[in-house]
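Have a look at the structure below, then the notes.
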Amino acid sequence: MNRLSSVSGDMPETSGHHGDLKNIRIENCIGFSKVPLGIAGPLRINSTRGSSSIYAPLATYEPTIIASCSRGCKAFNASGGVHFEVLGDGMSRAPVFTFKDPGHAVVFSREIPTLREKISTWAESTSRHVRLQDMRPTVIGSQVHVLYTYTCDDAAGQNMVTKATQHACDMLRRHYGDTFSIQGFFVEGQMASDKKPS
């Protein structure tokens, strides 16, 4: 632990939560638990922006997990560290719209790009952090999957983009459902890559 004192020396000791429970935003909150917190690392990170060594705080009751992670870091460091590049930053949802037949689906897929400004306004009204970056429709039979890609500031944003997409689709159906003969939609049609190997 002495070799980590330079990293952990400024970290506050965490022992509980003294805030108001009504500000906690999880379902069925009944309290808090204490979990031991350790530090694994260092791991050398290399990118075009430079190199640095990082430590990772891990909360666990498993006795060997932190040591195991540190050994993994040591193995990576022995081979020169980890190199990565960020090619894109975004979180996506891919709602699927259903139509009576492929002809209606094709018309919708050609016209939805013209509605981007409205869809963006609807989606972004749900959070000050979410921003619609891209929309790509794909026709599959009488369905149109639309891949919406967002940025979410510093948040991971899974819930944020789900809420934004749901609202945008609700508004799209309300204002243009009859125009395009939209029969229905599902907020996720399995074309986005969140939590699956697609």
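The values are calculated or read from the model by the stated rules, or taken from the named source; none is laboratory data. Just so we're clear, the structure is a prediction, and the values are computed from it rather than from any experiment. Here Cβ is always computed from backbone atoms with ideal geometry, including for glycine, and neighbour counts include all displayed protein chains.
The table below gives the values:
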read-out: Top-ranked residue of the range 136-184 - restricted to ones that are within 14 Å of the chain's Cα centre (by Cα) and assigned to a loop (DSSP other than H, G, I, E, B), ranked as nearest to residue 121 (Cα to Cα); value: 152
read-out: From 96, 107, 82, residue being surrounded by 12 or more Cβ atoms within 10 Å (Cβ to Cβ), touching a Leu at 6+ places or on another chain (Cβ under 7 Å) and at negative phi; value: 82
read-out: The range 87-98 residues that are of a type in the set (Ser, Thr, Tyr), paired with ones that are in a loop (DSSP other than H, G, I, E, B) (beta carbon under 8 Å, 6 or more apart); value: 92/192; 92/193; 92/194; 98/142; 98/182; 98/183
read-out: Test set (1) touching a strand residue (DSSP E or B) at 6+ places or on another chain (Cβ under 6 Å); (2) surrounded by 15 or more Cβ atoms within 10 Å (Cβ to Cβ); (3) not hydroxyl-bearing (Ser, Thr, Tyr) - residue 115 fails condition number; value: (1)
read-out: Residues (farther than 16 Å from residue 145 by Cα, loosely packed, with under 13 Cβ neighbours inside 10 Å and modelled with pLDDT of 95 or more) located in the range 158-198; value: 174, 175, 178, 179
read-out: Residue match in the range 122-142 (condition: touching a Ser or Thr at 6+ places or on another chain (Cβ under 8 Å) and either among the acidic types (Asp, Glu) or surrounded by fewer than 14 Cβ atoms within 10 Å (Cβ to Cβ) (or both)); value: yes
read-out: Subset of the range 52-76 [over 11 Å from residue 42 (Cβ atoms) and touching a Pro at 6+ places or on another chain (Cβ under 8 Å)]; value: 59, 60, 61
read-out: Candidate set from the range 9-61 (those that are surrounded by 10 or more Cβ atoms within 10 Å (Cβ to Cβ) and of a type in the set (Val, Ile, Thr)); member that is modelled with the lowest pLDDT; value: 14
